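One structure is given here, and the rest of the page talks about it.
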Amino acid sequence: MQQDKIWDYFQNEGLKDRKFPEARQRFMLNYLNVGQTVLNIGIGSGELERLGIEKGALMSSLDPSQRAIDSLREELGMADRAQCGYAQAIPFADNGFDVVVMSEVLEHLDDEVLAGSLREVLRVLKPGGYLLCSTPYREDLGASRVVCPGCGCVFHNIGHLQTFDKQTMRQLLEGKGFQIQKIWLSTFIDWERKGLRNFIKSCIRIVLAKMGEGIADPHLLLMAKKPVQKG
């Protein structure tokens, strides 16, 4: 399966289908601070870059879609801070970032690419810097399988290859040298929707998501630190 074609579509023509809700980007923004150097891997609509720049973070971006990167460079003036490439070969220098964001990215990577990507994230993080990521929680990958009518290839409809729970995520990150700071369940709520009914529904969704109930679309959130070498 060619992941690049899936993501190139959703990040360009597919944007009108609202596959990248701003609610998720605003959620991630809460964990970024003024003056931080931040690398966002897998840019989606580019909304996190816009919001991060407005907040005062120094944003950089990495994505395999050249068209998406060109849009960031044109619209936000990011120049070389927006690069086309892959997480397993990050084209940025060692120890350069306070934060690396990988929101809804890890589940798209096969085992080899996932391992290489996490090694690269450690390389580009400053000592004491952290990885902030989100993935679907305990996703049933088989429930979203589709078949190509042309070639007969069976694949997940948006290219997911991995599914995670707290234990598997903790084992993965600690096994690659990260120190887990926080791991929790939540969901992405659009708090800008007005009205008491929407507010009550959103509160119920959060409670159900924290319990891991599929109806609430729960997501696994994680903050993991690059250790500071002593001595």
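The values are calculated or read from the model by the stated rules, or taken from the named source; none is laboratory data. This structure is a prediction, so every number in the text was calculated from the model and none was measured. All Cβ positions, glycine included, derive from the backbone under ideal geometry; neighbour counts span all protein chains shown. Ligands, DNA and RNA are excluded from the accessible area calculation, which covers all protein heavy atoms including side chains. Shrake-Rupley method; radii C 1.70, N 1.55, O 1.52, S 1.80 Å.
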Practice task
Express the relative contact order of the chain as a whole percentage, based on alpha carbon pairs under 8 Å and six or more residues apart in sequence.
Solution key: 18
Handout entry: From phi via Karplus (6.51, -1.76, 1.60), per-residue ³J(HN,Hα) for segment 79-94 in Hz, x at Gly/Pro
Key = 6, 6, 6, 10, 10, 8, x, 10, 5, 7, 8, 5, x, 10, 6, 4
Fill in the blank from the handout: Expressed in angstrom, Rg and Dmax over the Cα atoms of the chain are 17.5, 60
Fill in the blank from the handout: Under the Karplus relation with 6.51, -1.76 and 1.60 and θ = phi - 60°, whole-Hz ³J(HN,Hα) for segment 176-182, x at Gly and Pro, equal 9, x, 7, 10, 5, 9, 7
Exercise for the section: Could you check what % of the DSSP bridge pairs in the chain are antiparallel, to the nearest 5? Expected result: 50
Practice task
Report Cys84's accessible area, 1.4 Å probe, all protein chains in place, as a number in Å² to the nearest 10.
Solution key: 50
Problem - Among the listed pairs Lys55/Lys201; Lys126/Lys226; Lys55/Lys210; Lys55/Lys194; Lys126/Lys176, those beyond 18 Å (Cα-Cα) - result: Lys55/Lys201; Lys55/Lys210; Lys55/Lys194
Problem - Heavy atoms of Ser103 accessible to a 1.4 Å probe, total area in Å² rounded to 10 - result: 10
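Find, among the trypsin sites (Lys or Arg not before Pro) in segment 123-231, those assigned to loop by DSSP (not H, G, I, E, B) with at most 12 other beta-carbon atoms within 10 angstrom. Provide the component values of the computation, followed by the final result.
Working: sites: Arg123, Arg138, Arg145, Lys166, Arg170, Lys176, Lys182, Arg193, Lys194, Arg197, Lys201, Arg205, Lys210, Lys225, Lys230; in loops: Arg138, Lys176, Arg193, Lys194, Lys230.
Taking segment 123-231 and a limit of 12 other Cβ atoms within 10 Å, the loop trypsin sites (Lys or Arg not before Pro) found are Arg193, Lys194, Lys230.
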Practice task
With a 1.4 Å probe and every protein chain left in place, work out the accessible area per residue of the chain in Å², rounded to a whole number.
Solution key: 51
Practice task
Would you calculate a helix-derived [θ] at 222 nm for the chain, using -39,500 (n - 2.57) for each DSSP H run of n ≥ 4 and dividing by the full residue count, to the nearest 500?
Solution key: -9500 deg cm²/dmol
Handout entry: Signed unit charges on C-beta, dipole axis of the chain, positive-most listed residue Leu196, Ala143, His108
Key = Leu196
